[in-house]
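Below you'll find the structure, written out as structure tokens, and then a few comments.
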Protein chains: 4
Amino acid sequence: MNRILLFSFLFLSTLPLSAQHHHTHDRVIRFPDVPGYHVLSCDFHQHTVFSDGSVWPDIRVQEALRDSVDAISLTEHLEYQPHQADIPHPDRNRAYQLAQEEAKGSNLIVVNGSEITRDMPPGHTNAIFLTDANKLLHDDAMESFREAKRQGAFVFWNHPNWTAQRPDGVATLTDMHRKMLAEGLLQGIEVINDVNFSDEAFQIALDQNLTLMGTSDIHGLIDWNYLVHEGGHRPVTLVLAKERSAESIREALFAHRTVVYMNNTLAGRPEHLLPLLSACIRVESAEYEGNTSVLKVALRNLGDSDLLLQNQSGYTFHHDAGIVELHGNSQTVILVKTRERLKSVELPFNVLNAFTAPGKATSVRLTVEVH
Amino acid sequence: MNRILLFSFLFLSTLPLSAQHHHTHDRVIRFPDVPGYHVLSCDFHQHTVFSDGSVWPDIRVQEALRDSVDAISLTEHLEYQPHQADIPHPDRNRAYQLAQEEAKGSNLIVVNGSEITRDMPPGHTNAIFLTDANKLLHDDAMESFREAKRQGAFVFWNHPNWTAQRPDGVATLTDMHRKMLAEGLLQGIEVINDVNFSDEAFQIALDQNLTLMGTSDIHGLIDWNYLVHEGGHRPVTLVLAKERSAESIREALFAHRTVVYMNNTLAGRPEHLLPLLSACIRVESAEYEGNTSVLKVALRNLGDSDLLLQNQSGYTFHHDAGIVELHGNSQTVILVKTRERLKSVELPFNVLNAFTAPGKATSVRLTVEVH
Amino acid sequence: MNRILLFSFLFLSTLPLSAQHHHTHDRVIRFPDVPGYHVLSCDFHQHTVFSDGSVWPDIRVQEALRDSVDAISLTEHLEYQPHQADIPHPDRNRAYQLAQEEAKGSNLIVVNGSEITRDMPPGHTNAIFLTDANKLLHDDAMESFREAKRQGAFVFWNHPNWTAQRPDGVATLTDMHRKMLAEGLLQGIEVINDVNFSDEAFQIALDQNLTLMGTSDIHGLIDWNYLVHEGGHRPVTLVLAKERSAESIREALFAHRTVVYMNNTLAGRPEHLLPLLSACIRVESAEYEGNTSVLKVALRNLGDSDLLLQNQSGYTFHHDAGIVELHGNSQTVILVKTRERLKSVELPFNVLNAFTAPGKATSVRLTVEVH
Amino acid sequence: MNRILLFSFLFLSTLPLSAQHHHTHDRVIRFPDVPGYHVLSCDFHQHTVFSDGSVWPDIRVQEALRDSVDAISLTEHLEYQPHQADIPHPDRNRAYQLAQEEAKGSNLIVVNGSEITRDMPPGHTNAIFLTDANKLLHDDAMESFREAKRQGAFVFWNHPNWTAQRPDGVATLTDMHRKMLAEGLLQGIEVINDVNFSDEAFQIALDQNLTLMGTSDIHGLIDWNYLVHEGGHRPVTLVLAKERSAESIREALFAHRTVVYMNNTLAGRPEHLLPLLSACIRVESAEYEGNTSVLKVALRNLGDSDLLLQNQSGYTFHHDAGIVELHGNSQTVILVKTRERLKSVELPFNVLNAFTAPGKATSVRLTVEVH
């Protein structure tokens, strides 16, 4: 053996593994702001002992503070009062008042709301930003909705896919809902309720120009329901609000500026989801490895949701077979084989877990400037 | 309020969350057998102090036992001997002999192998199932390959995408490789080496009828390189062998019966990958929820790799927006909205992280019998 | 070098480390039974929305089931009713009734109780095993206690060290308490309340022949207060009961058969604590290492509390410098250097975190039969 | 009920739990400096493939860097060379040279050393700070020791309790050792070797004025032997050195300035152990709770070892029954009931896991100035 062999064996350890990141889960739900808007996480469907929940309003406030939820509403069932033998409260604003009291001194926004609780149709409906929930008590649900409208409330259809009212789980618009829409009595629809995602509700929202809503509908404890200490979290509505205020959230809801989020799934209209994804994915650095034409791109996911990317560029990657998972609040490195050394590289991806319509994954395009 | 409202609020807590599974990682790499074959995890590219590695062969055996790897080969560089000032060993079978000794009493299969270590072309090449590695020492690499063939060895091209030899990271067949193929001197190619996956090597394998190989090429410690205690693992070649024996593995390699596996990525020919996926995914139960037409299907992933499913059935799901992640060695429940109660349901999925060709995700079809 | 050196280097890896155990925490509070008695974990001081707590009674039942607590009492403040604007309940048995309802079908024992809530003296006092809590409502606290006695209730002094009533935190018997004792109106005293341990209460219990009590006094959530997901747990009273029944627990409380437990601290009278420690520590095996006189003793701690042992035998240990920690629900190996091979070895230990009087650690003596 | 009851129920949640700390383990072994000295963690007994270890010297350097160990020595057996068929190295300085090379650019101090490996007496002995290990090769061990002395080496007796040479595990001085002492050929003794602690070696050190040594004697991998990823660590000798240099460590060893540390056990002479404990325990704040006489003292343990404190003050504590565990690198709060509000409080403790003589726990006295 008289040949001189010179290798650089170092390369093995210099390359990080995109999918073997160490990332710690905390319970905080954080997303970056988008141009022109704050991104506020909101949970506008919750219950306490003032209807059929199992906690006093103070626990709901404390849960929200632990989760960094920006705004909540305790939407007690107006008509379903299983605790009335013990809590014969005539005042339907009471849970709101107590939560407001508890939230004082924090920056949590508490919004007055109620659940109008009826058989299907129209099923259950939330009205939030009420001034007086008591006035919604009517035998005729339509009168309740009209009163909500008079108060300037934002009204959304709850769990239209609920199997207790729709045994097939398929959200379906009824004549009564059409009538509500015609009268301007309904502005939103839950695409996410608790652990459930409804593709059909998503389609109805798009067809009827309704705001996408995602809520926990929590009755027990957030920690137990969502296995928070194993990395789970409640679903939320991400609201793109001009300011961090109740009024601004209300404006945004009426303007349909929401993205719903649960369990590593995002859904929203393209005009809201795309800016959010763009804000989440930041190119932190991009440089060629040594004298190769392999471009090392460090991506940071600034959002809470993992993002599941599918490579749509013409390039292949040095580490990954086309699927790259960007864990929430983490950095991921990808190595792009550009074949020649370029100044700027376009990287289009499908985001497989972010939907702009039922079953329709979003696309993002990263422009990478090489340094 | 004189209406009687009867709800079943219980449903909320009876539905498990498909994506919030608690699953513990251990370091063991396990896959179920497929019809007719054992599925053996093999790592046939490793180094010790007998070339440029940092451990004695006993550590490699102990690492394999901790990982439940079924077969290994310590493929020292024949020509690259940076430790020769201290280990002037003429016997190129020595690492094999010491590993054999250490493995006695365990069921680990140790295979004699060497790395023929040359400039490109042909770059580095492993020959395994050697009877005497010393005889491969030749100035002319072709003579080494011919000797390997005489010994009945299985020969594969290592890291054809290695940037030290291919600065663009793009595996490309050379004339010399074509000559080797023509002479029957090359049977396999590394699609996975360490943390790197090569789409181009994958395509070469398919075009040239080569066996897909995945190896660690470990020089240091498996635990450190693959962050084993954070859930990482080394890459392996899954070999579909008729029996659990060295000879049977050799037969399978010559017959191309492999699937390569790293970091939640699987790649293989359809005839091997599909049976493996079918063996991994077991329908454990299927029943309709109460009197609804929502079918609860419990799926168990018996393999080590998470499987990333994309719903391709006409049905929508009650929990998931079309993407379902089946964590390795875990049960996942999906809820299928079949709209009417069926006796049998077909569920086709794309498996986004299992590839039968570069960038081409596999499809599986689950047939669910309802009980 | 012509000497032949024969060593057994194997010894290094054959010896387990007593203090580097891997042990998983679950939230279940378990202790083994002792001869003649079940050991039941009980939490007889808790609050719900029916006085100043933040949860409905169902949550208290669910917390107890998650913790494997055997018996609970929801001891609402009789006189302190901050939620009365919303819950104007006259029935002081209500929390009990609701908890009973929720506990149906489980094996959780729910006991009716109330907190008689007064300024000091006598401060706060719990009466449990009541038949009708309403009858305790009297302006004169002594009349409340007399009614409790008429109902056969077990009565204990709550947090006598509470700084809101005793700014020095020092539990001190008052004339009123002496009067209660003289009339047979007080049977127990909290040595542990929430995160607080009172040495002075412990001494009062011993001096006055009172039952030792340990309770959570929970108002919010057990999970949050005790960092359950980081391995914490609520304090409990371990009751040595003849049977697993409410009546049997009541008999045991009147007979003073309790040990209190919080946060790796145990306190009890010797006649209860010693049998409990004996039941917790089981010698699982004892054999000499090879042909040495080093005795390998495997100890299992069957209880939930870590036990902190201080070697009091004449022997020294091969691994430990005299302090051995037996983690709860785990096996620990100690190596005793007995200097000659014995058939039977006595191993006395101080148990530094188990107290039979203020500041007085318990002693246990293990008799180890060698096999 | 017409009495006004005013309570401060807030106190429950304002008190942290001393023993329910959340503290993350990393593998780094850190202790604070003491007045006049750096505290350096050193492991001066290790093996590589150059005697009977299983790794190349580079791994030992990398392990040390991961553990933040300040200084190491690779003390190959001079006479026991089981790998000599493969590594026929005549140069006994070779492992040192390779480790030096690997450590370049880091601040790890590598010291040349060898293990003089004989039957008992004298058993095994390490000589470190050698200038040429080869010169220690003599048939007569006494000549080896004399050569070590000529080279200015520091010499210590290894595992005098090793059951392969002392079947009773009891370290016992032999005539040969007395002769070595008389000739000035022996300066230290291992009190800790791997997982073993020898009370008898500790006593010999005190009687004979020898330096206390603690070493890993590692042959395989530190990570596996000490379950590093479950929070374990190798034993080390903490050296109180005037500067961070090899020469300064050597001076400190000859001056006996060491504390040995394994697995939450510390042992040292009072003049070294007490300053170390004082440096470890810092009073971070001390203030009375509200208007009570309960003093809240925040203690930070700046060292790596948990410290097991037993209250020896006349005061009782509000949370703890006399035993307080200060976790390494964590803050712990204790509440001292001083009965009146004092300006300054003395808090003497036994440190149950820190020994100044066999079975003799240390005492520390904290002086707490109240703010």
Q) Under a GNM of chain A (C-alpha, springs under 10 Å), which listed residue has the highest mean-square fluctuation: A:Ala205, A:Ala164, A:Ala354? A) A:Ala164
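Would you mind checking the pairs D:Lys296/D:Lys343; C:Lys337/D:Lys360; A:Lys360/B:Lys337; C:Lys337/C:Lys360 and listing those with alpha carbons more than 21 angstrom apart?
Values: D:Lys296/D:Lys343 13 Å; C:Lys337/D:Lys360 18 Å; A:Lys360/B:Lys337 18 Å; C:Lys337/C:Lys360 28 Å.
Exceeds cut-off: C:Lys337/C:Lys360.
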Q: Give me the distance between the Cα centres of region B:38-82 and region B:142-211, rounded to whole Å.
A: 20 Å
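Go through region A:145-223 and name the trypsin sites (Lys or Arg not before Pro) that are in a DSSP coil and have 13 or fewer other Cβ atoms within 10 Å of their Cβ. Display every interim value, and only then the final one.
Numbers: sites: A:Arg146, A:Lys149, A:Arg150, A:Arg178, A:Lys179; in loops: none.
Counting only loop positions with at most 13 other Cβ atoms within 10 Å, none of the trypsin sites (Lys or Arg not before Pro) in region A:145-223 qualifies.
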Q. Residue farthest toward the positive end of the dipole of chain C, with Cβ of Lys/Arg at +1 and Asp/Glu at -1: which of C:Thr125, C:Val345, C:Ile204?
A. C:Val345
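Hey, got the dipole for region C:135-272? About the Cα centre, +1 on K and R Cβ, -1 on D and E Cβ, debye to the nearest 20? Present the calculation step by step, with values, prior to reporting the outcome.
Details: 13 positive and 19 negative charges, 89 e Å.
It comes to approximately 420 debye.
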Q: Give me the distance in nm between label points sitting 7 Å out from Cα along the Cα-to-Cβ direction at B:Ala298 and A:Glu284, one decimal.
A: 4.1 nm
**Q.** Carbon/sulfur fraction of accessible area - region D:38-256, other protein chains in place, 1.4 Å, %
**A.** 46 percent
Q | Accessible area buried at the A-B interface, both sides summed, 1.4 Å probe (Å², nearest 100) | A | 6200 Å²
Q) Which ³J(HN,Hα) values, rounded to whole Hz and listed in residue order, are derived for region B:169-175 from phi using the Karplus coefficients 6.51, -1.76 and 1.60 in 6.51 cos²θ - 1.76 cosθ + 1.60 with θ = phi - 60°, glycine and proline given as x? A) x, 9, 4, 9, 5, 9, 4
(Q) Can you show me the helix-derived [θ] at 222 nm for chain C, built from DSSP H runs with n ≥ 4 at -39,500 (n - 2.57) apiece and divided by the number of residues, rounded to the nearest 500. (A) -5500 deg cm²/dmol
Q: Report, in whole Å, the centroid distance computed from the Cα atoms of region B:249-268 and region C:244-296.
A: 55 Å
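So which trypsin sites (Lys or Arg not before Pro) in region B:262-371 are both in a DSSP loop and have at most 12 other Cβ atoms within 10 Å of their Cβ? Can you show the working numbers first?
Working: sites: B:Arg282, B:Lys296, B:Arg300, B:Lys337, B:Arg339, B:Arg341, B:Lys343, B:Lys360, B:Arg365; in loops: B:Arg339, B:Arg341, B:Lys343.
When the trypsin sites (Lys or Arg not before Pro) of region B:262-371 are filtered for loop state and at most 12 Cβ neighbours within 10 Å, B:Lys343 remain.
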Q) Across the residues of B:216-224, average count of Cβ atoms on other protein chains within 10 Å? A) 4
**Q.** GNM flexibility winner over chain C from C:Asp223, C:Asp119, C:Asp26 (Cα, springs under 10 Å)
**A.** C:Asp119
Q. So if R0 is 35 Å, what FRET efficiency would A:Thr172 and C:Leu227 give, r being the distance between their Cβ atoms, rounded to the nearest 0.05?
A. 0.15
Q) Could you give the dipole magnitude of the protein assembly as shown about its Cα centre, charging the beta-carbon of Lys and Arg +1 and that of Asp and Glu -1, in debye to the nearest 20? A) 0 debye
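What is the dipole size for region A:38-256, taken about its Cα centre, with +1 at each Lys and Arg Cβ and -1 at each Asp and Glu Cβ, in debye to the nearest 20?
Details: 17 positive and 33 negative charges, 106 e Å.
Charge dipole, region A:38-256, about its Cα centre: 520 debye, nearest 20.
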Q. Among residues other than D:Leu274 whose Cβ falls under 14 Å from its Cβ, what is the net charge (Lys/Arg +1, Asp/Glu -1)?
A. +3
Q. Over the heavy atoms of A:Met262, what accessible area does a 1.4 Å probe trace out, to the nearest 10 Å²?
A. 10 Å²
Q | Number of partner chain Cβ atoms within 10 Å, mean per residue of D:261-273 | A | 2
Q: Starting from the Cα of C:Glu340, move 7 Å in the Cα-to-Cβ direction to define the label point; list residues of region C:265-297 whose amide nitrogen is under 15 Å from there.
A: C:293-294
Q) What lysines could a cross-link reach from A:Lys179, if we take a straight Cα to Cα line under 26 Å and drop same-chain neighbours fewer than 8 places away? A) A:Lys135, A:Lys149
Q.
Let me check I've understood the local charge: for B:Ser41, count other residues with C-beta under 10 angstrom from its C-beta, Lys and Arg +1, Asp and Glu -1. What total comes out?
A. -2
Q.
Of the candidates B:Asp140, B:Asp43, B:Asp306, which one comes out as most mobile in a Gaussian network treatment of chain B with C-alpha springs shorter than 10 Å?
A. B:Asp140
Q: Round to a whole angstrom and tell me the spacing of the C-alpha centers of region B:339-371 and region A:85-139.
A: 44 Å
Q: Using only protein heavy atoms and a 1.4 Å probe, report how much of C:Ile29 is accessible, in Å² to the nearest 10.
A: 10 Å²
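For region D:38-256, what class follows from the C-alpha gyration tensor (a ≥ b ≥ c being the square roots of its eigenvalues): rounded when a/c is under 1.5, otherwise prolate if a/b is larger than b/c, else oblate? Intermediate results must be reported in sequence, preceding the final value.
Numbers: a/c = 1.30, a/b = 1.18, b/c = 1.10.
Rounded, because the longest to shortest axis ratio a/c is under 1.5.
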Q | Positive-end extreme of charge dipole, chain A - chosen from A:Gly232, A:Tyr315, A:Ala252 (charges on Cβ) | A | A:Tyr315
Q) Where a ≥ b ≥ c are the square roots of the eigenvalues of the C-alpha gyration tensor, would you call chain D rounded, which needs a/c under 1.5, or, failing that, prolate if a/b is larger than b/c, or oblate? A) prolate
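For region B:38-256, what does the accessible surface come to per residue with a 1.4 Å probe? Please give it in Å². Please report the intermediate quantities before stating the final value.
Details: 6320 Å² over 219 residues.
Normalised by residue count, the accessible surface of region B:38-256 is 29 Å².
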Q. What FRET efficiency do you get for B:His371 and C:Lys135 if R0 is 41 Å and r is their Cβ-Cβ distance, rounded to the nearest 0.05?
A. 0.15
Q | Using a Förster distance of 35 Å, the FRET efficiency for D:Asp26-A:Leu181 (Cβ separation, nearest 0.05) | A | 0.05
**Q.** Rounded to whole Hz, the Karplus (6.51, -1.76, 1.60) HN-Hα couplings of region A:211-219, x for glycine and proline
**A.** 7, 6, 10, x, 9, 7, 6, 6, 10
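With a ≥ b ≥ c taken as the square roots of the eigenvalues of the C-alpha gyration tensor of region C:295-357, please select rounded if a/c is under 1.5 and otherwise prolate if a/b is larger than b/c or oblate if it is not? Walk me through the numbers on the way to the answer.
On the way: a/c = 2.10, a/b = 1.54, b/c = 1.36.
Note, shape of region C:295-357 comes out prolate.
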Q: Place +1 on the Cβ of every Lys and Arg and -1 on the Cβ of every Asp and Glu in chain B, take the dipole about the Cα centre, and give the residue among B:Phe44, B:Val155, B:Ala267 whose Cα lies farthest towards its positive end.
A: B:Ala267
Q) Do any GluC sites (Glu not before Pro) in region C:294-371 lie in a DSSP loop with no more than 11 other beta carbon atoms within 10 Å, and if so, which? A) C:Glu340
Q: Residues in region B:160-202, backbone N under 17 Å from the label point at B:Ala357 (7 Å along the Cα-to-beta-carbon vector): list them, ranges by number please.
A: B:199-202
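The values are calculated or read from the model by the stated rules, or taken from the named source; none is laboratory data. Keep in mind that this is a model prediction, so the values were computed, not measured. Quick reminder, even Gly has a Cβ in these numbers, built from the backbone with ideal geometry, and neighbours come from all protein chains shown. Protein only, heavy atoms only, side chains kept; ligands, DNA and RNA dropped before computing areas. Shrake-Rupley method; radii C 1.70, N 1.55, O 1.52, S 1.80 Å.
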